[in-house]
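Heads up, the thing below is written out as structure tokens.
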Amino acid sequence: MTQAIATRTAQLREARRQLLEVGELSRGLRAPALHASWQRSRAYGLVPDGRTPGAPHASGAQLARALDHRRLLVAHARPVMEFLGEQTRDNDSMVILADAQGMLLHAFGDSGFADKAARVALRPGAIWHEQWRGTNAIGTALAEGAAVVVNGAEHYLQRNAFLTCAAAPIADPAGQLLGVLDLSGDQRGHHRHTLALVRSAARMIEHQLFEARHGGALQLRLHAQAEGIGSVTEGRLALSEDGWIIGANPVALAMLGLARTDIGACTIERALGLDLQTVLAGGGSAARAPRLLRLEGGRTLWLRVDRGRTCVGSAAAAVRAMPAAADALAALDTGDAALQGVIARARRVIDKPIALLLQGESGVGKELFAKACHASGPRRSAPFVAVNCAALPETLIEAELFGYRPGAFTGAGREGAPGRIREAHGGTLFLDEIGDMPLALQARLLRVLQERQVQPLGGGKAVAVDFQLICATHRRLRDEVVAGRFRDDLYYRINGLALQLPPLRERGDLAALVARMLSDIAPGREVELAPAIAAAFGRYHWPGNLRQLANVLRTACALLGDDERVIAAAHLPDDIAEDLLGAPAPRAVEDAETDLRLQAERCVQQALSDSHGNMSEAARRLGISRNTLYRKLRDLRRRAPAHGAARAPTRQSP
């Protein structure tokens with residue numbers, strides 16, 4: 001141990017004594033973030049030289065759920081983590097990915113150090129929030145929202161003092177904190193450049209997430225130097241077709257002095273002080289050289305414009321231009337990579353006697369996917385029979401599934417009933433929410449699947465049946481098996497191929513999905529979302545998934561006026577509008593109203609200019625009636641005289 005380390009350790013020891021005995025820190029912790037973290041750790045009731053009583057650790061099932069919930073983050077982080085691991089190999093260290101709650105999701109590194117780390121629960125499933133582990137790089141980076149280093153005795157708990165850790169937060173393109181990337185090692189191997197390495201790796205992950213979300217949108221790449229464009233230090237913005245910021249990485253937010261809440265609520269003109277046309281002037285191929293922007297106040301930035309494959313504002317046009325899907329499964333593909341993978345795997349088995357088990361949250365479209373599998377397979381001309389095991393009373397589900405003979409029970413029909421299983425003969429039987437099936441019926445279903453025969457209630461001869469089986473559940477059946485609520489033999493019988501359908505919040509095709517839904521709900525009307533609403537849709541977590549999205553869009557279309565084609569906040573149900581847009585501060589409301597008014601004014605002026613003053617033609621270009629256009633002109637003159645509202649044309653159409 002060098003003299004410098006010994007001196008620092010002694011300072012920290014004295015600082016810890018002061019904190020415990022006096023409740024204050026007069027010296028020892030030079031970094032404000034560490035000072036604040038030690039104060040928080042003490043407030044949590046942690047004892048520096050004690051154990052970590054009650055520190056939670058996820059079970060295998062809980063860790064699996066967390067990995068599934070952050071599937072996109074883990075998928076993009078792993079290659080970067082492997083790269084980072086290669087740079088630090090044989091240095092007694094490990095690379096760790098944690099979620100926003102501090103749960104360690106994935107880790108790998110030197111096996112010898114991993115054994116040491118496991119002694120303090122530095123392994124997947126452990127929770128490293130400050131509440132449980134005190135000052136540590138992962139928990140403190142989450143608390144501070146910034147990259148930090150915690151070295152040796154700077155850890156609040158003395159048992160972690162053998163560690164040196166550097167961690168950097170990872171944010172998604174909507175500005176939400178997803179987790180933390182951490183590099184932990186033996187304290188004796190501390191290096192002052194480690195934090196820069198980890199911060200760069202975190203930015204690489206953010207770039208991958210940005211591309212996954214906004215790869216098809218209009219993008220701006222910004223940097224103070226031309227050579228920085230395309231590097232991990234560049235700022236990235238995604239824009240709607242009319243200039244609203246719908247995505248930004250943390251570098252861009254810091255570069256432009258914006259907050260996370262400005263994403264979806266701010267135009268590029270407000271952020272840069274330049275109108276969209278000036279920003280995009282000369283924009284073309286992504287391979288062209290960056291150009292210099294001169295901003296207000298004398299600032300300069302280098303800019304490169306990347307025109308994506310499909311801008312958010314033109315998603316509806318892209319969907320309308322798409323060729324007819326080859327089959328029902330292809331029709332579900334609107335560009336999300338995870339769903340494309342699920343579809344590809346399903347195609348390999350839909351013509352084989354292999355049972356499908358569809359898993360996913362409520363509302364993700366499991367029945368829709370099952371119907372698409374049936375319609376795309378060799379049994380498409382035969383029946384598709386769906387049974388919701390959670391919707392039928394336990395007293396009726398047996399008769400519903402297996403059928404019954406006349407008089408088999410009180411209330412039975414005179415002619416009996418064949419049952420849903422027999423109705424599916426030759427086709428597909430879809431058992432939705434099979435995790436809710438009573439245990440007694442699970443045994444009967446297992447027998448049918450084994451013998452391929454069904455016997456109706458009330459006795460009689462067993463009838464041979466042939467069907468493709470697709471089951472679905474929002475539950476984790478493995479957990480249900482462990483809990484004794486689901487038969488393990490039935491689980492292995494129905495789980496020929498398990499497919500996990502992604503929740504809506506993790507899909508990267510929201511714009512195209514919305515456009516397709518609107519096309520189905522209001523065919524021929526060319527309805528689309530206002531830019532601010534489209535951005536808010538992208539930030540929203542959609543707990544009801546596709547079912548909720550479809551209901552919101554259906555209601556919005558019903559509330560549109562006959563001459564309206566753009567869905568705004570006024571067309572949304574009140575509770576959804578509140579969830580999506582929140583209650584902004586008065587100044588934010590004022591700024592947003594000004595931006596929207598100026599945008600509306602520019603749209604009207606452009607339409608009038610393009611139509612040479614012909615009101616009918618201008619109204620057609622704007623997608624509104626001529627009377628509505630006159631009303632908008634009056635409103636603009638009355639509400640925004642200081643901004644030079646659009647003037648009525650001197651020549652009017654007849």
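Scanning the stretch 476-512 for residues that are among the hydrophobic types (A, V, I, L, M, F, W, C) and open to solvent by 20 Å² or more (accessible area, probe 1.4 Å) yields Val481, Val482, Ala483, Leu497, Ala498, Leu510, Ala511, Ala512.
Evaluate the stretch 231-248: report whether one residue or more is among the small types (Gly, Ala, Ser), surrounded by fewer than 19 Cβ atoms within 10 Å (Cβ to Cβ) and farther than 19 Å from Glu296 by Cα. Yes, that holds for at least one residue. In the condition set (1) out of contact with any His (no Cβ under 9 Å at 6 or more places or on another chain); (2) at pLDDT below 90; (3) surrounded by fewer than 22 Cβ atoms within 10 Å (Cβ to Cβ); (4) within 27 Å of Asp262 (Cβ to Cβ), Pro543 is compliant with all but (2).
Which of the following residues is more than 28 Å from His35 (Cβ to Cβ), outside any strand (DSSP E or B), open to solvent by less than 10 Å² (accessible area, probe 1.4 Å) and not aromatic (Phe, Trp, Tyr): Leu72, Leu84?
Exactly one of Leu72, Leu84 is more than 28 Å from His35 (Cβ to Cβ), outside any strand (DSSP E or B), open to solvent by less than 10 Å² (accessible area, probe 1.4 Å) and not aromatic (Phe, Trp, Tyr), namely Leu84.
Looking across the stretch 484-514, the residues that are more than 30 Å from the chain's Cα centre (by Cα) and either without any contact (Cβ under 8 Å) to a residue 60 or more places away in the chain or closer than 27 Å to Ala174 by Cβ (or both) come down to Gly484, Arg485, Phe486, Arg487, Asp488, Asp489, Leu490, Tyr492.
The rows are residues; the columns are (1) polar (S, T, N, Q); (2) over 22 Å from Asp110 (Cβ atoms); (3) modelled with pLDDT under 85.
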{"site": "Ser59", "(1), (2), (3)": "yes, yes, yes"}
{"site": "Arg65", "(1), (2), (3)": "no, yes, yes"}
{"site": "Val74", "(1), (2), (3)": "no, no, no"}
{"site": "Gln87", "(1), (2), (3)": "yes, no, yes"}
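Entry remark, the stretch 552-594: residues being aliphatic (A, V, I, L, M) and modelled with pLDDT under 60 number 5 in total. For the stretch 90-101, a tally of residues being free of Cβ contacts under 8 Å to residues at least 60 places away in the same chain and either part of a helix (DSSP H, G or I) or touching a strand residue (DSSP E or B) at 6+ places or on another chain (Cβ under 8 Å) (or both) returns 1. Residues that are surrounded by fewer than 19 Cβ atoms within 10 Å (Cβ to Cβ) and in contact with a Pro (Cβ under 8 Å, 6 or more places away or on another chain) were ranked within the stretch 426-462; the one that is farthest from Glu400 (Cα to Cα) is Gly426. Return yes or no: is Ala569 within 23 Å of the chain's Cα centre (by Cα) and open to solvent by less than 30 Å² (accessible area, probe 1.4 Å)? Judged against the criteria, Ala569 is not a match. Within the stretch 162-187, the residues that satisfy the criterion of being open to solvent by 30 Å² or more (accessible area, probe 1.4 Å) and more than 23 Å from the chain's Cα centre (by Cα) are Phe162, Gln187.
Quickly run through the stretch 330-341 and pick out the residues that are in a helix (DSSP H, G or I) and surrounded by fewer than 20 Cβ atoms within 10 Å (Cβ to Cβ). Selection gives Ala330, Ala331, Ala337, Ala338, Gln340, Gly341. Just one of the listed residues (Thr52, Thr135) is open to solvent by less than 60 Å² (accessible area, probe 1.4 Å), at pLDDT below 85 and more than 12 Å from Gly179 (Cα to Cα), and it is Thr52. Looking across the stretch 96-120, the residues that are small (Gly, Ala, Ser), modelled with pLDDT of 85 or more and surrounded by 19 or more Cβ atoms within 10 Å (Cβ to Cβ) come down to Ala98, Gly102, Ala107, Ala117.
The values are calculated or read from the model by the stated rules, or taken from the named source; none is laboratory data. As the structure is a prediction and not an experimental result, all values here were calculated from the model. Using ideal geometry, Cβ is built from the backbone for each residue, glycine included, and neighbour counts are taken over all protein chains shown. Ligands, DNA and RNA are stripped out before the accessible areas are found, and what is left, the full protein with its side chains, is counted by its heavy atoms. Shrake-Rupley method; radii C 1.70, N 1.55, O 1.52, S 1.80 Å.
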